[in-house]
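Q: Here's a structure for you.
No value in this document is a laboratory result; all are computed from the given coordinates. Values in this document were obtained by computation on a predicted structure and should not be read as measured data. Every residue, glycine as well, gets a Cβ built from its backbone with ideal geometry; the counts of neighbours run over all protein chains shown.
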Amino acid sequence: MTVHTVKTSPIDGQKPGTSGLRKKTPVFMGAHYLENFVQAIFDAIGGAAGKSFVVGGDGRYFNDRAAQVILRMAAANGAAKVIVGQGAILSTPAASHLIRLRGTDGGIILSASHNPGGPDEDFGVKFNTPNGGPAPESVTAAIHEATTRITGYRIMDAPDIDLSVLGTVALGDMAVEVVDPVADYADLMETLFDFGAIRALIADGFTMRFDAMCAVTGPYACEILENRLGFPVGTVTHRDPLPDFGGMHPDPNPTWAHELMAEMMGEGAPDLGAASDGDGDRNMIVGRGTYVSPSDSLAVIAANAHLAKGYMGGLSGVARSMPTSAAVDRVAAKLGIDCFETPTGWKFFGNLMDAGRAQLCGEESFGTGSDHVREKDGLWAVLMWLNILAVGGGSVADLLAAHWKEFGRNYYSRHDFEGLETAAAEDMLSALRGRMGDLLGQDVQGMTVIAADDFNYTDPVDGSVSTGQGLRLVFGDGARIVMRLSGTGTSGATLRLYLERYVPGPEGLAEDPQEALAPVIRAAHALAGIAAAVGRETPDVIT
Ligand code: VG1
Ligand code: CO
């Protein structure tokens, strides 16, 4: 087994976005592309010599090949050990857990998460730090910098490792330990939730449907929901992970998980419906005939987490991304705990969780999780809902109605405009940014602008500053508009328009969100001139 240093030169655009580096699969499969990026990761963290890493991914096309390349590169770079999920499979939260459980020097996750997979779709690579969380901006910046001055990468000449067999084998001087991707994660869930109470709920006739969307959560959901909790076989649908996700778009929202939505809104729907994304870190929660917005899910979990055994002592604090609705803020205020507002992307929660300041975190984009790992965690959220319903009683609809009655309702929606011309979208936002000062005090759609800015964040733990994280317009009645461009796409630009309006109740709590938000939507279009700037009136996806 010889180690080669292969000559290479920098490849443009290897800049991680909101969550790792994502590109079209053929780009990642191009000459030196993956290798350059992986070498840059090792270089940026001071080399791999003597270190241990976790490697695994969501099983999408090229996952298996990329894992073999990374193993040969880790060995050539002198790593001591790589722990890899069987078949190179690990959900993002399971990888985060394994990094923490084994105390490794980090991990490399192969995933483009909610983006479709396949030979012509998307692939991605993400580095997680020893705390188990996505690399913070300082590390991703160092990785990007390393990609711009790379001259060679180290790789070992060796046959493929058989990753279907559990156990430890040698690759040169490096140990490769192939582990069951599900077992440790499932054990962790049993420490957090009351499986006995959930089993009793099931024995009482409670039914559920979990749509794994042909992505990585299939094996996890089958083991936990069917094998360990006792839901009947077939509760988990689209349960076999496929390299192209069976052509599904593994993003758990009403648009892409339409099969689940149809079942949950139809006759004889199960009590609870849920779906997860490509890499298992997102969740959608649906009750019988009742869609739960992710921002509301976060608030309901914050208010009821004490019903789960892992959280009985009460939450130390909560955090949400800036575009996420303020529903959880109201719960935090009642509980008398801190509520932090961070930029979009899970990497910003890591420091707060490490410092013990935020225990529960969430994003409007179907991401919820706690400090049990350092990633958002789809199945965790589903189990939390099951635990809350099992101990607290009632239906999803009852729980939501009671929550709104107590706290009022933050009507919320996100409108995505996809495939825009990047320059036009950027120009629109910079024009709006330039006019922010003038907008103060203006009346639009019967609402007055009382604050307008571009969100900047100073991390309260390490003082690092992140600028330009989204334009916000706040109105006198508590309504809010946020606009930013997606950092996870692989072609063109996606404008995300986030809309929110608070209704204290007791009247007006059961409106259709799009109707309740109609004036806010009109105000957003009028203020930003979306149609004129990017030529689009209607969004592609509404969540
Ligand atoms: C999106 C979401 C963000 C999430 C990110 C990664 O980012 O808005 O909340 O953290 O995806 O999620 P953006 O930049 O496209 O808005 V995942 O499950 O795709 O890793
Ligand atoms: Co994901």
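Q: Please report the spacing between the Cα centers of region 44-111 and region 118-175 in Å, no decimals.
A: Going from one Cα centre to the other spans 6 Å.
Q: Give me the compactness ratio for region 2-181, meaning the Cα radius of gyration over 2.2 N^0.38 Å.
A: Rounded to two decimals, the normalised Rg is 0.91.
Q: Suppose the chain between D453 and S138 were pulled fully straight at 0.36 nm per residue; how much longer would it get relative to their current alpha carbon spacing?
A: Full extension of this stretch gives 111.0 nm more.
Q: Then there's this: Once both labels are modelled 7 Å past Cα along the beta-carbon direction, what's the T255-K405 spacing in nm?
A: With each label placed 7 Å out from Cα toward Cβ, I get 3.5 nm.
Q: Continuing with this model, one more query. Remind me, relative contact order of the chain in percent, using alpha carbon pairs under 8 angstrom and six or more residues apart?
A: 13 percent
Q: A further question on this structure: Taking Cα centroids, how far is region 391-442 from region 7-29 in Å?
A: If you average the Cα positions of each part, the centres end up 31 Å apart.
Q: Could you tell me the relative contact order of region 482-543? Use alpha-carbon pairs under 8 Å, at least six residues apart, and round to a whole percent.
A: 20 percent
Q: Project the alpha carbons of region 392-536 onto their principal axes and report the range along each, largest first, in whole Å.
A: 50, 40, 31
Q: When ranked by the protection proxy of mean other Cβ atoms within 10 Å per residue, highest first, what sequence do the peptides 348-355, 86-93, 437-444 form?
A: 86-93, 348-355, 437-444
Q: Next question, about the same structure. Counting other Cβ atoms within 10 Å of each Cβ, which chymotrypsin sites (Phe, Trp or Tyr not before Pro) in region 100-196 have at most 12 and sit in a DSSP loop?
A: Counting only loop positions with at most 12 other Cβ atoms within 10 Å, none of the chymotrypsin sites (Phe, Trp or Tyr not before Pro) in region 100-196 qualifies.
Q: Okay, moving on. Considering only DSSP beta bridges where both residues belong to the chain, give the percentage that are antiparallel (nearest 5).
A: Looking only at bridges with both residues in the chain, the antiparallel portion is about 70 percent.
Q: Give me the count of lysine pairs in the chain whose alpha carbons sit under 17 angstrom apart, restricted to pairs 8 or more positions apart or on different chains.
A: 11
Q: Sorting check: for 331-339, 28-36, which peptide has the highest mean count of neighbouring beta carbons within 10 Å, and how do the rest follow?
A: 28-36, 331-339
Q: Then there is this: Using the Cα atoms of region 256-320, I'd like the radius of gyration and the largest Cα-Cα distance, Dmax, both in angstrom.
A: Calculated on Cα positions, Rg and Dmax stand at 13.9, 41 Å.
Q: At 222 nm, what value in deg cm²/dmol follows for the chain if DSSP H runs of at least 4 each add -39500 (n - 2.57) and the sum is divided by all its residues, to the nearest 500?
A: My calculation for the chain gives -9500 deg cm²/dmol from helical runs alone.
Q: Along each of the three principal axes of the Cα atoms of the chain, give the extent in whole Å, ordering the values from largest to smallest.
A: 72, 59, 41
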